[in-house]
Amino acid sequence: MSTTTPITDLISAHRPGVLINNNGTVQLVGANGLLGIPDLATFNSWGFTFSHVVPANAADKDMSQTGVVAIRTPGQLNPTAVVGGTISVQQDPAFTATHFIANQSQVVLGQWTMKANGEDIKAQQLKITLNYTTTSGNPNQAEGFNNLALFVNGAQVGLTLSALYTSPCSANICSYTFGSSNLFNIPAGTTVTVAVKGDSSLINGTSVTAVRTDLVTPANTFQGATSQFLSPNTEQVYTGTTLSTVSATAALAKNAAYANQNVNSNTQKQKIGSYVIQASSVDGVRVSNLVVGFNGTTLPMTSLANVYVVTPDMPSGSTPVAPPTLNSGTNNFITNFTVPANQTVTVDVYADVGSVTGTASIVTTMMGQGNGVSSNQAVYLNSLGSSSGVAVAGQTITVGNSSLQSAAFNTGASPVPQFVIGGSQNQPAATYTFVASSFGGANITELGFTVTNSAITSVKVGGNTSPVVSGKVLITGLSLAVPVGNSGLDVPVTVNYASTGTNGVADATSLLTLAHIKYIAGGSTVTNGTAGWGDTTTGIIGTGILANPMYLAGTAPTVTIAGSGNVLVTGNPIIGSITITANAAGDLTLTHLPLSFTGSGGVTFNGNQVSVIDHATGNVAGVSTIITGIAPVILTSHNNISAGQSVTYDIEPTITVSGASQSMSMGLGDIADFSFTDVNGLGSPTLIGQIGGVSYIANYPTSQVSIHN
């Protein structure tokens, strides 16, 4: 090493390897700064003499000290030919934690990266500083971290320390030292990850709200493997991330997906409560026990049996137990299932429900306890999520007895009153709607009907047919399931009609009445009926449920109306036409055809006369006088209509038309004035469209047709 080479550039520092006197301190000029010489032994080990030392110039003094020369070891190169390595430290960007769970094991408190530059670097010692934030005062002496340790690339280095808040902690700060001479090595050009881990220890009600872990590199604790240079010159502190403390918690609530229920008495394995447990986002919960109560229950506890819970660890249910004697008592269930962090689990309560008089309710409650998965911290499952919380109430389960609540004639699903043809088979007669209670369905096994005038020979329900005997028919062997609730069950009824005419019965009104029912509900058999059926109560049958009346005949007309499309003129214009069609079962004779007319102010009825003309022959079938717009035409000829055939009648009033924009309308009159003769009928075969206030001609036209000039 030459120390006498002159400096020709007076503004430049001395070259690496030159010993300088820097204000009384001997330093060695290195490639990246000045190197300190800690003692005379080190100075002598390199063969230095004070005659080699030259005064430092201004450029030398501007350089900072970057390391310390280590004592020379055998075979080590002269420091004038060595450039000392450096170490770079920074907080690991991959460390993104913001909190840790109280009493969690192996909490990662901080994480940094270290890179060796220029040569292999030996880390001889590191310090860790724990900085506590509290709501007041210092942490408790039982608080802090057990098993505090350093990890390099996932492997522990150095000893495991107890880091509870005891001496030498002060003012919420604790410092811990790892290593003394050879903690770990970092190969040149390599980056390692250094993490600090510990087992959290916090008491209940702790004042600690956060902890920040700082990494400290003491002076002269990193040593170059080749150069033996020591760094850093002074202690360096690398501030860590402040981690807030959080606790493992869980919320217990009534399951909103399971609504209040109405249930039938004497039901086994009935769900009587449903609850949801939700773990917090920071930690899962191991649930160790659940307590089921019955505080809101009005059902006698003797009507409950075999209480059990369904949980993830017992999907088929826990071992059933007897309920408490009083509704103030509880059942305790030992469990072992986990609710993962930020997840939910459903827990259901079941029991066998016995008999009840009238209605009563079951309201369960639930509370429980567990531990945090990571922290093992106690977790309370109740209204508050704390040791002071109370049980959570579940759904209201109302217990009652299933029955049929009502039976009614379904007008919309039943045929309207009409003429029915004697001898017709399997004809729709009525639809009845049966509604069960909200506690349970029912099964109808029998229905009984009464009929009038021998018009019906048999009745069919649910595929079963029974004959009419003495005006009554009983249909047995039914199995008509009426569902629980208001939807009900529609039961169609079909009938076979008696023949009319020769060897038949007379034309007459046919009445069908539901008069008896037998059903099974809740394990009991119930019968209701009118007098004469042997039932003790009328119940839902009342005085009987009457279907729409029908009129039995040998034939019946179909009536339609059509406009003529003519122009309104003075004379006998055809306003429109009426077509009568006889049912294919028999001939009929049209006897009365009621008509109605309206006209504008320029239309005058001449003699108030209207003629009904057989469209096919042009012959007059009947003539009538129009009185206040009504003409009850009596047909005297061309009024016999064969079975299945039609006759069209043109309607021609005698009128005078004065002025433009005049009009005249025509329609059918009152159905009660329409009549025909059932040619093959017996008894009183002349029938009118409305009998006893009931209209029997289905789809009798009520609209009018018009012409105008």
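The values are calculated or read from the model by the stated rules, or taken from the named source; none is laboratory data. Here the structure is a predicted model, which means the values were calculated and not measured. Positions of Cβ are backbone-derived with ideal geometry, glycine not excepted, and every protein chain shown enters the neighbour counts. Surface accessibility is based on the protein's heavy atoms, side chains included, excluding ligands, DNA and RNA. Shrake-Rupley method; radii C 1.70, N 1.55, O 1.52, S 1.80 Å.
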I'd like to verify a number: residues in the stretch 216-235 that are in a loop (DSSP other than H, G, I, E, B) and not acidic (Asp, Glu), how many? 12
In this structure, does residue 103 turn out to be under 47 Å from the mean Cα position of the chain (by Cα) and on the phi > 0 side of the Ramachandran plot? yes
Of the residues in the stretch 132-148, those that are surrounded by 19 or more Cβ atoms within 10 Å (Cβ to Cβ), out of contact with any Pro (no Cβ under 8 Å at 6 or more places or on another chain) and either without any contact (Cβ under 8 Å) to a residue 24 or more places away in the chain or in a strand (DSSP E or B) (or both) come to 144, 145, 148
Residue among 420, 435, 416 that alone is open to solvent by 20 Å² or more (accessible area, probe 1.4 Å), over 35 Å from the mean Cα position of the chain (by Cα) and of a type in the set (A, V, I, L, M, F, W, C): 416
Of the residues that make up the stretch 113-125, is at least one within 50 Å of the chain's Cα centre (by Cα), of a type outside the set (D, E, K, R) and at pLDDT 95 or above? yes
Where in the stretch 633-709 are there strands (runs of 3 or more DSSP E), lying wholly inside it, with at least 2 residues that are farther than 20 Å from residue 509 by Cβ and among the small types (Gly, Ala, Ser)? 663-668
For the stretch 389-412, which residues satisfy the criterion of being in contact with a Leu (Cβ under 8 Å, 6 or more places away or on another chain) and closer than 14 Å to residue 272 by Cβ? 399
Can you tell me which residues in the stretch 667-696 are under 60 Å from the mean Cα position of the chain (by Cα), open to solvent by less than 10 Å² (accessible area, probe 1.4 Å) and within 21 Å of residue 582 (Cβ to Cβ)? 689, 696
Taking the stretch 201-250 as the search range and keeping residues that are among the charged types (D, E, K, R) and open to solvent by 60 Å² or more (accessible area, probe 1.4 Å), which one is nearest to residue 67 (Cα to Cα)? 235
Just need a number here: residues in the stretch 20-53 that are in contact with a Ser or Thr (Cβ under 6 Å, 6 or more places away or on another chain) and not in a loop (DSSP other than H, G, I, E, B). 1
Identify the residue in the stretch 384-395 that is surrounded by 17 or more Cβ atoms within 10 Å (Cβ to Cβ) and either of a type outside the set (Gly, Ala, Ser) or modelled with pLDDT under 95 (or both) and, among all such residues, is nearest to the chain's Cα centre (by Cα). 395
Looking at the stretch 84-97, can you tell me whether even one residue there is in a strand (DSSP E or B), within 46 Å of the chain's Cα centre (by Cα) and surrounded by fewer than 17 Cβ atoms within 10 Å (Cβ to Cβ)? yes
For residue 531, only one of the following conditions fails: (1) assigned to a strand (DSSP E or B); (2) at pLDDT below 95; (3) hydrophobic (A, V, I, L, M, F, W, C). What is its number? (1)
Members of the stretch 478-496 that are in a strand (DSSP E or B) and under 18 Å from residue 440 (Cβ atoms): 480, 481, 482, 489
Just checking, how many residues over the stretch 236-264 are in contact with a Lys or Arg (Cβ under 8 Å, 6 or more places away or on another chain) and either without any contact (Cβ under 8 Å) to a residue 60 or more places away in the chain or part of a strand (DSSP E or B) (or both)? 3
For residue 515, only one of the following conditions fails: (1) more than 43 Å from the chain's Cα centre (by Cα); (2) in contact (Cβ under 8 Å) with a residue 60 or more places away in the chain; (3) not in a strand (DSSP E or B). What is its number? (3)
The listed residue being acidic (Asp, Glu) and at pLDDT below 95, out of 507, 490: 507
Does residue 80 satisfy the condition of being outside any strand (DSSP E or B) and either modelled with pLDDT under 75 or in contact with a strand residue (DSSP E or B) (Cβ under 9 Å, 6 or more places away or on another chain) (or both)? yes
Can you tell me which condition residue 463 does not meet? The list is (1) at pLDDT 95 or above; (2) touching a strand residue (DSSP E or B) at 6+ places or on another chain (Cβ under 7 Å), and all the others hold. (2)
Test: residue 476 is over 32 Å from the mean Cα position of the chain (by Cα), in contact (Cβ under 8 Å) with a residue 24 or more places away in the chain and open to solvent by 30 Å² or more (accessible area, probe 1.4 Å): yes
Restricting attention to the stretch 128-136, does a residue exist that is modelled with pLDDT of 95 or more and of a type in the set (A, V, I, L, M)? yes
Residue 259 surrounded by fewer than 16 Cβ atoms within 10 Å (Cβ to Cβ), of a type in the set (A, V, I, L, M) and touching a strand residue (DSSP E or B) at 6+ places or on another chain (Cβ under 9 Å): yes
